[in-house]
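Report on the structure given below.
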Amino acid sequence: MKFNESLTDIIRLDLEIGAVPALMGEPGIGKSSFVTALAMSMDTKAFVLACNELADKADLTGARLLPYENPQGETSYKQVFFPHQVVSDAIEYALANPREWPILFLDEINRSTSDITSAALSMPTSRRIGSVALPSNLRIMVAGNDKGNVTTLDDASLSRFSIYHVEPDAQTLIGILGSEINPHIKAVLMRFPALVFEKSAPAAFLVDGTDDDDDASANATYGDLLDAGEEMLQLTTPRTIHSMSRWLNAVPQAKLLEYLQTQMITNGRETTMLNEVIEAHIGNTEFATHLVAEIASGINAGTSSAAPSLSAPMPNCFASLKDAQTVADLDALIAVLTEHEKSGSLLYALFQHADNKVIIEQLAGQTAALEGEHVRLLVQLAATSALDDTNVTALFNTCTTLSDTIQLVIGSLMP
C-alpha cells in the first residue's frame, strides 16, 4: 500500500478504535516521516523509538535491582522499572493531554535482538512496560522490515497488529517535505513518481550469492547489501531524497554550476563532480540521471515550483466546541482544555471557512499564547492566503494580548 492520504485515513481509524498498525517495508522509505506527519494531522505528537538502537532489553524496560531495607532490618533487592526516555516522555505527554491520541512509534521492531523485540511486542497487548501502565489514550504503532536479516515474528505476535505492507509515494513525499523541497527534486518526482524508490547493487553481486551470470535482473535489497560486506552503493529512497534536497537547497548556484562543469574519472568512468555528489546521496540510479539533467537544464533560468497546499489539523476537542449551545457552555469546555488544545483549536478556528467568531473570542481570552509549531503553521497559512479573513478579523477585534501578538506576526501577510 502506498503512503498516501487513503492510508492516513485508514490508520487514523485504526488508532481511533485502539488497533495497533504495523508498517512493514524496506528501510528508508519514509515510515518515520509518515507517522510524524500523521501525528501532526491529528494535532498531537509522535514519540519515535528506534528499537534497533537498543543494546539490551533493559534499555527499553529500564529494569533495575535496587536495594531496600526489609522489615527485619536486612538489605534486600527488588526490581524497579525506569522505562526508556522516549517511552517515559510519551506517557507523560499522554497523561497531560487526555483528549489527544499521542503516538508511541516503535520503529525497526524486528531489526533487533529477540529479547528486545519480545519486550516491545508485549506493550500493545499488556498496555504496560514492566510495572508501568500505559495511559489509555496513548496509541501504539510499530514498523519493521519485511526482508533481510530480521527477527521472525510468530503468528501470535502478528495477530496483535493491523499489518500494512507499505511502499513510498512520490506525492506524499512532496507533501511531507512541503516548502523545504528543492525545486529540481520536486520536478523529477512529479515527472517520474515511480522512481521514488530504486534499489541498486554492484554488478557482480547477486541476491543468492552465486556466480550465475544468467540472473542479470537480480537486485539486492538494502538489507542484502548491509549483510553482504561487499561494495556499498547508495539507494534512492525518500530518506536519501530528503538528504539530497537539503544539500541542493544549501549549495550556492555558482558552486552547483562549477560542480556540473568539473569533469572527473572515477573507476575508469567519465563523470562530473556533481554526478559524484548526487550518487553519494541517492546512488547511481535512474532518478539520479534525471536529476542531473533537470539541474543542467534549469540551473541558469532557475526552477519555480508551486507551493504545496496547507491545512491546519483539527484537534479532537474542536467538535465539542462547535456543538456548545451557549457561551457559558463554551467557556466551561475551554476551561478544561490543555494549553496545546487551546492553541491548536484557535489555529483551526482561524483556518476553517466557517463562522467561528464566538469560539475565537472565547479562546482569545483564555489562551496564553500559540505554541511554536502552531505559530509556524499560522505564518505559512497566512502567507498562502489560506486563513479565513472573517475569522482573522474576529480575532484582531478582541484586542487581547494574544490577538495583538498574532497581529504583529501575520498582519503584514494579510490582505
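Would you please name the residue that is surrounded by the fewest Cβ atoms within 10 Å (Cβ to Cβ), looking only at residues in segment 347-371 that are closer than 18 Å to residue 337 by Cβ and of a type in the set (Gly, Ala, Ser)?
Within segment 347-371, the match that is surrounded by the fewest Cβ atoms within 10 Å (Cβ to Cβ) is 368.
This table checks each residue for (1) of a type outside the set (Gly, Ala, Ser); (2) more than 30 Å from residue 375 (Cβ to Cβ); (3) touching a Ser or Thr at 6+ places or on another chain (Cβ under 8 Å).
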residue: 8; (1), (2), (3): yes, no, yes
residue: 15; (1), (2), (3): yes, no, no
residue: 18; (1), (2), (3): no, yes, no
residue: 57; (1), (2), (3): yes, yes, yes
residue: 61; (1), (2), (3): yes, yes, no
residue: 67; (1), (2), (3): yes, yes, yes
residue: 70; (1), (2), (3): yes, yes, yes
residue: 73; (1), (2), (3): no, yes, no
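Is it the case that some residue within segment 42-63 is surrounded by fewer than 15 Cβ atoms within 10 Å (Cβ to Cβ), outside the structural domain of residue 240 (by TED's automatic domain parsing) and either on the phi > 0 side of the Ramachandran plot or not in a helix (DSSP H, G or I) (or both)?
Checking segment 42-63: at least one residue is surrounded by fewer than 15 Cβ atoms within 10 Å (Cβ to Cβ), outside the structural domain of residue 240 (by TED's automatic domain parsing) and either on the phi > 0 side of the Ramachandran plot or not in a helix (DSSP H, G or I) (or both).
Would you please name the residue that is nearest to residue 320 (Cα to Cα), looking only at residues in segment 338-359 that are more than 30 Å from the chain's Cα centre (by Cα) and either part of a helix (DSSP H, G or I) or acidic (Asp, Glu) (or both)?
So, considering only residues that are more than 30 Å from the chain's Cα centre (by Cα) and either part of a helix (DSSP H, G or I) or acidic (Asp, Glu) (or both), the one nearest to residue 320 (Cα to Cα) is 359.
How many of the residues in segment 118-160 are in a loop (DSSP other than H, G, I, E, B) and at pLDDT 85 or above?
Matching residues across segment 118-160 total 6.
Could you identify the single residue in 100, 108, 69 that is in the same structural domain as residue 20 (by TED's automatic domain parsing) and more than 26 Å from residue 12 (Cα to Cα)?
Only one candidate qualifies: 69.
Kindly list the number of the only condition in (1) among the small types (Gly, Ala, Ser); (2) in a helix (DSSP H, G or I); (3) touching a helix residue (DSSP H, G or I) at 6+ places or on another chain (Cβ under 6 Å) that fails for residue 319.
(3)
Could you tell me whether any residue of segment 387-398 is out of contact with any Leu (no Cβ under 7 Å at 6 or more places or on another chain) and closer than 18 Å to residue 337 by Cβ?
Within segment 387-398 (the criterion being out of contact with any Leu (no Cβ under 7 Å at 6 or more places or on another chain) and closer than 18 Å to residue 337 by Cβ), the answer is yes, since at least one residue qualifies.
The values are calculated or read from the model by the stated rules, or taken from the named source; none is laboratory data. What you are looking at is a predicted structure, and each value in this text was computed from that prediction instead of being measured. So basically every Cβ, Gly included, is an ideal-geometry build from the backbone, and we count neighbours across all protein chains shown.
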